[in-house]
Amino acid sequence: MTDVTRTSSSRASLPLHIPVWSDANWIVRIALLVGLALIVVALAAPLIAPFDPNAQSLISRLRPPVGFERYKDGFYFGTDELGRDILSRCIYGLRLTFALALAGSVIGLLIGGTLGLLAGIAGGVFEDFIMGMVDTQIAIPFTLIALLILAVMGSSLDVMILVLGVYGWEQYARIVRAEVRKLMQMPFVEAALAAGATPSRIAFRHILPNVVSPIVVQFTLNFSNIVILESTLSFLGLGVQPPTATLGSMVGIGRDYLPTAPWIVLVPAGAILLLTFAVQILGDWLRDKADVRLRSR
Amino acid sequence: MLIYVLRTLAKMAITLVVIVTLVFFATRLSGNPIDFVLGDGITLEDRELLIAYYGLDASIGTQYWRYLVSVFSGEFGLSFLERRPVSQIVLERAWPSLKLLLSAIGFTLIVSVPLGILAAIYRTSIIGSVVMVIAFLGYAVPAFIIGILLVLIFGYTLNWLPVIGDGSALHFIMPTLAISGMLVAAITRFTRNAMLDVLSQDYMRTARAKGLPEWIVILKHGLRNASITLLSVIGLQIAGLAASGSVVVEAIFAWPGIGDLLVRSAILRDYPVLQFGVLSVAIVVIVINATVDIAYAYADPRIRLAKG
């Protein structure tokens, strides 16, 4: 019965094999749990954070984390040079890092995915032009472009989202276009064409659902790179400006206190690693599961 | 072959034009550069005078043309802060950057090629898995975190290594490690994949059947055949990764190189220096990539015939 309905539909079934918990080995399970925990913490930041992340207290400056001498009650991960609670700043920093990386990834996906889809469907000169742009983008180290944009337009949240949004578009464009080219050769597209479907119908109903799984994989892998890029720029003082905390800027500012108060740096650095490790492991696992041939880097 | 070379060169030229144009319009986007340079205490007439002096009252097309002419005649203007030609400032910093890069690339190759071979040979055993896990996680560690941790451990806690500058051989150790982190992770994976492709070939079995010792089979028959792919990938990846890595690492260790200069001029908005710095790094990367591309096609006829 189900077979009949499936074959009677002209559309190919979604090749999106969503992997389940039981497929995962213990490393992936840990990564999954860590990832979920980080998302919950980021979402619930105002409820969880014990202090206002920007509340200063000169009397409790540079206190070490719990278990060390001079620890001040309540500040579990210690305080920074202005007496702000490191834990609260990390929680809010994580929230902002998450939000920025998410916005950046989605924008990159929309730009690159759209261009890749159009290039793959339209073909011809348009495709050559888009793929030429992709090659050009690949050839120029992105850090240079980011430095240029941030220096010129100033460092604000909007500009940061712009920079992160531009990052990675060429990867999406390349992958989507390659998939689309492959799919265009498939019999079901030919059948849809023969049945008189419009190009937009073919694009949205027949092609797009079939490129979802490579996009999901690329999105995850790209996310970890965007987190690294955002933290690096914020670390250099070019990203989100003080007093607002992101994990990267906390490391950057805490650098000056490294000899005497290393926890200011170590706690956010640990949070960054937790985040990038979890995302990287999940991305790689998804790639194996979806069996998408991406250029492994 | 000639067609392939011409195509690669044409692509390179287009990329160069795009980056030159991008740099120009990026710096004009933000409005009048004069406003950033000057403080509040300047009279209106002086401001007009400066705008006319720098030709900023001309139309954007004219400005772009003048910019192109000056770029191709090798004039890049004066630094806003140092009042010296920017080409001079950037060139002074090229050698320290190059030294650090060579050191990082050398270290990367020495570490990651043997690791990659090991991972390929012992891919089913624990050795292979451990190497790949390290290489895999290394890719997720930002260079600045490696740098900071090194400074904390070897600089401040153990007091073994100097933290700032490029005065002695000891100064190279930490920046080299910090830049190499991501490169080692990437190149180890490439080496493993390239070796895996080769190891399953028939000529490997033939070599073993001849009774050659295993290490000769691996190195002479395996690595030599894998090296063509490997070199091209390394060539294409290393320039970009190293350029990005050295920017942040040089800034951490106050290395007197181009990366440190770029970050500083971006923060202080010294546009002429930033423009020229970005341009020169991008050009170096693009030229290296094109060279590798052509060399690879020269070494492997399948490539030049497929694309050309």
Here the residues within region B:41-89 that are without any contact (Cβ under 8 Å) to a residue 12 or more places away in the chain, open to solvent by less than 80 Å² (accessible area, probe 1.4 Å), part of a helix (DSSP H, G or I) and farther than 28 Å from B:Ile283 by Cα are B:Asp46, B:Ala52
Of the residues in region A:137-158, those that are assigned to a helix (DSSP H, G or I), within 14 Å of chain B (Cβ to nearest Cβ) and open to solvent by 10 Å² or more (accessible area, probe 1.4 Å) number 9
Being within 9 Å of chain B (Cβ to nearest Cβ) and either open to solvent by 10 Å² or more (accessible area, probe 1.4 Å) or free of Cβ contacts under 8 Å to residues at least 12 places away in the same chain (or both) narrows A:Leu229, A:Leu238, A:Leu274 down to just A:Leu229
Pairing a residue in region B:263-274 that is more than 9 Å from chain A (Cβ to nearest Cβ) with any residue that is part of a helix (DSSP H, G or I), where Cβ atoms lie under 8 Å and the two sit 6 or more apart in sequence or on different chains, gives B:Arg264/B:Ala251; B:Pro272/B:Val86; B:Val273/B:Val86; B:Val273/B:Ile89; B:Val273/B:Val90; B:Val273/B:Leu261; B:Val273/B:Ser265
How many residues of region B:114-139 are at pLDDT below 85 and not in a helix (DSSP H, G or I)? The answer is 4
Taking region B:122-160 and keeping only residues that are open to solvent by less than 20 Å² (accessible area, probe 1.4 Å), of a type outside the set (A, V, I, L, M, F, W, C) and in contact with a Leu (Cβ under 8 Å, 6 or more places away or on another chain), one is left with B:Gly128, B:Gly155
When every residue in region A:105-136 that is within 14 Å of chain B (Cβ to nearest Cβ) and more than 30 Å from B:Ile267 (Cα to Cα) is compared, the one least open to solvent (accessible area, probe 1.4 Å) is A:Ile130
If you go through B:Phe190, B:Phe107, the only one that is of a type in the set (Phe, Trp, Tyr), under 30 Å from B:Phe276 (Cα atoms) and touching a residue at least 24 places away in the same chain (Cβ under 8 Å) is B:Phe107
Reported set for region B:49-92 where residues are assigned by TED's automatic domain parsing to the domain that holds B:Val17 and among the basic types (Lys, Arg) is B:Arg66
The condition of being open to solvent by less than 50 Å² (accessible area, probe 1.4 Å) and aromatic (Phe, Trp, Tyr) holds, among A:Phe68, A:Phe77, A:Phe98, only for A:Phe98
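Tell me the residue from A:Pro199, A:Pro187, A:Pro209 that is out of contact with any Asp or Glu (no Cβ under 9 Å at 6 or more places or on another chain) and at pLDDT 85 or above, please.
Numbers: A:Pro199 fails: at pLDDT 85 or above; A:Pro209 fails: at pLDDT 85 or above.
The unique qualifying residue is A:Pro187.
Out of curiosity, is B:Thr229 part of a helix (DSSP H, G or I) and surrounded by 14 or more Cβ atoms within 10 Å (Cβ to Cβ)?
Details: part of a helix (DSSP H, G or I): yes; surrounded by 14 or more Cβ atoms within 10 Å (Cβ to Cβ): yes.
Yes; evaluated as a whole, the condition is true for this residue.
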Residue hits (region B:172-191; open to solvent by less than 30 Å² (accessible area, probe 1.4 Å) and more than 14 Å from every other protein chain (Cβ to nearest Cβ)) are B:Pro175, B:Thr176, B:Ser180
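Is at least one residue of region B:251-258 open to solvent by 10 Å² or more (accessible area, probe 1.4 Å), at pLDDT 85 or above, assigned to a helix (DSSP H, G or I) and under 16 Å from A:Pro141 (Cα atoms)?
Within region B:251-258, the subset open to solvent by 10 Å² or more (accessible area, probe 1.4 Å) is B:251-252, B:254, B:256, B:258.
Restricting the remaining residues to those that are at pLDDT 85 or above gives B:251-252, B:254, B:256, B:258.
Subset that is assigned to a helix (DSSP H, G or I): B:251-252, B:258.
Okay, now just the ones that are also under 16 Å from A:Pro141 (Cα atoms), so B:258.
Looking through region B:251-258, at least one residue is open to solvent by 10 Å² or more (accessible area, probe 1.4 Å), at pLDDT 85 or above, assigned to a helix (DSSP H, G or I) and under 16 Å from A:Pro141 (Cα atoms).
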Kindly evaluate B:Ala143 against the criterion of being within 14 Å of another protein chain (Cβ to nearest Cβ), touching a Gly at 6+ places or on another chain (Cβ under 6 Å) and touching a residue at least 12 places away in the same chain (Cβ under 8 Å).
yes
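Can you tell me which residue within region A:205-226, out of those that are more than 14 Å from chain B (Cβ to nearest Cβ) and over 20 Å from A:Lys289 (Cβ atoms), is most open to solvent (accessible area, probe 1.4 Å)? Can you show your working first?
Quick first cut of region A:205-226, residues more than 14 Å from chain B (Cβ to nearest Cβ) only: A:205-219.
Going one step further and asking which of them are over 20 Å from A:Lys289 (Cβ atoms), we end up with A:205-208.
Details: A:Arg205: 111, A:His206: 9, A:Ile207: 0, A:Leu208: 60 Å².
Once the filter is applied, the top-ranked residue is A:Arg205.
Here is a check on your reading of the model: is B:Ala194 out of contact with any strand residue (DSSP E or B) (no Cβ under 8 Å at 6 or more places or on another chain), within 14 Å of another protein chain (Cβ to nearest Cβ) and either in a helix (DSSP H, G or I) or buried (at least 23 other Cβ atoms within 10 Å of the Cβ) (or both)? Break it down into steps so the answer makes sense when it comes.
Numbers: out of contact with any strand residue (DSSP E or B) (no Cβ under 8 Å at 6 or more places or on another chain): yes; within 14 Å of another protein chain (Cβ to nearest Cβ): yes; either in a helix (DSSP H, G or I) or buried (at least 23 other Cβ atoms within 10 Å of the Cβ) (or both): yes.
Yes: the conditions hold for B:Ala194.
Could you go through region B:199-222 and let me know if any residue there is within 25 Å of the chain's Cα centre (by Cα) and among the hydrophobic types (A, V, I, L, M, F, W, C).
So in region B:199-222, the residues within 25 Å of the chain's Cα centre (by Cα) come out as none.
No, because not a single residue in region B:199-222 is within 25 Å of the chain's Cα centre (by Cα) and among the hydrophobic types (A, V, I, L, M, F, W, C).
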Here the residues within region A:178-198 that are surrounded by fewer than 16 Cβ atoms within 10 Å (Cβ to Cβ) and assigned to a loop (DSSP other than H, G, I, E, B) are A:Gln185, A:Met186, A:Ala195, A:Gly196, A:Thr198
Expected output for region B:211-234 (first residue at negative phi, partner crowded, with 18+ Cβ neighbours inside 10 Å and modelled with pLDDT under 80, Cβ below 6 Å, 6+ apart or cross-chain) is B:Ser232/B:Tyr296
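The values are calculated or read from the model by the stated rules, or taken from the named source; none is laboratory data. Everything numeric here is computed off the predicted structure, so don't read it as measured data. Every residue, glycine among them, receives a Cβ derived from its backbone with ideal geometry; neighbour counts consider all protein chains shown. Just so you know, the surface numbers come from the protein's heavy atoms only, side chains and all, with ligands and any DNA or RNA stripped out. Shrake-Rupley method; radii C 1.70, N 1.55, O 1.52, S 1.80 Å.
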